[in-house]
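The values are calculated or read from the model by the stated rules, or taken from the named source; none is laboratory data. Owing to the predicted nature of the structure, the values given are computational and were not obtained by experimental measurement. Please note: Cβ atoms are built from the backbone with ideal geometry, for glycine as well, and neighbour counts cover all protein chains shown.
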Amino acid sequence: MTVIGTVKDITTDYVINAAGGNSLDIAHSIDLAKEYTDLHFRGEYWIAPQKYGNLTRRSIYTVPRYTEYPFLDPHWIIRSDGRCEVGPNAVPVFGPYSYTLYDNLKNVVPKLFGSCKVGVLKLLLSKQFLYLVANEFSSSFSKTNMINRVRRFLPSLNPSDFKQKGMAGVRSLLIDKNGDFASESLLVEDDSSLHILNYNSPGATGALPVAANIVRKLIERRIVDSTSRQIIFPFTDEF
């Protein structure tokens, strides 16, 4: 059976929650992973003009200077089609789909007054964290600031040459009650559900083997029937 469209209620014996930015909210709805909250960060890109197409033969990924935080200096990325981009930054936003000012404003109140905010409050008392947040906002508002971060290792780039923004994406990261970011993905479960939390890029490149390993374990526990060919895919308007 395939379900297409908006789904309000689904009855099942077992739930596998792999809802990305919404996964923690789903876990919280059945009182799991309550010791975590999440923060969302929008990564933005600028597309390099064709004149820089032969600048390097490979992508250049910067080494994070603050490993305890998710703020990576923007990379120089060569896409599969040869297109080159600068990015991403990591701009704090208020929801997993907050790409516009309107989306952010409508999510401010539920995000600020949600559950388990002790960790977030501790983060807001960190001068280093606030400094990094300010730097990310600066790179969002100023193209020059964004490109200059990559000019540290590619000095021939000229910010004025960049005219077109690339596609943005939002990462949702878990924070514990001590104000620390969870460094790895988490699998949280009870008798009738499994929740995949804090699974983000660049780890998403391993999505298929991770999924295969999860299914293998569920088959071993006889939660999933390996002989069944019936798969249910519930979709919502947001996908």
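Would you be able to say whether some residue in segment 42-62 is under 16 Å from the mean Cα position of the chain (by Cα) and either in a strand (DSSP E or B) or loosely packed, with under 12 Cβ neighbours inside 10 Å (or both)?
yes
When you scan segment 159-191, how many residues do you find that are exposed (fewer than 13 other Cβ atoms within 10 Å of the Cβ) and outside any helix (DSSP H, G or I)?
8
Out of 82, 21, which single residue is among the small types (Gly, Ala, Ser), in contact with a Gly (Cβ under 9 Å, 6 or more places away or on another chain) and not in a loop (DSSP other than H, G, I, E, B)?
The conditions single out 21.
Suppose the filter is out of contact with any helix residue (DSSP H, G or I) (no Cβ under 9 Å at 6 or more places or on another chain) and outside the structural domain of residue 163 (by TED's automatic domain parsing); does residue 55 pass it?
Criteria not met by residue 55.
Can you tell me which residue is surrounded by the fewest Cβ atoms within 10 Å (Cβ to Cβ) among those in segment 83-102 that are modelled with pLDDT of 90 or more and over 21 Å from residue 120 (Cα atoms)?
That would be 83.
Go through the residues of segment 65-77 one by one and say whether even a single one is farther than 17 Å from residue 175 by Cβ, assigned to a loop (DSSP other than H, G, I, E, B), touching a strand residue (DSSP E or B) at 6+ places or on another chain (Cβ under 8 Å) and of a type outside the set (A, V, I, L, M, F, W, C).
Looking through segment 65-77, at least one residue is farther than 17 Å from residue 175 by Cβ, assigned to a loop (DSSP other than H, G, I, E, B), touching a strand residue (DSSP E or B) at 6+ places or on another chain (Cβ under 8 Å) and of a type outside the set (A, V, I, L, M, F, W, C).
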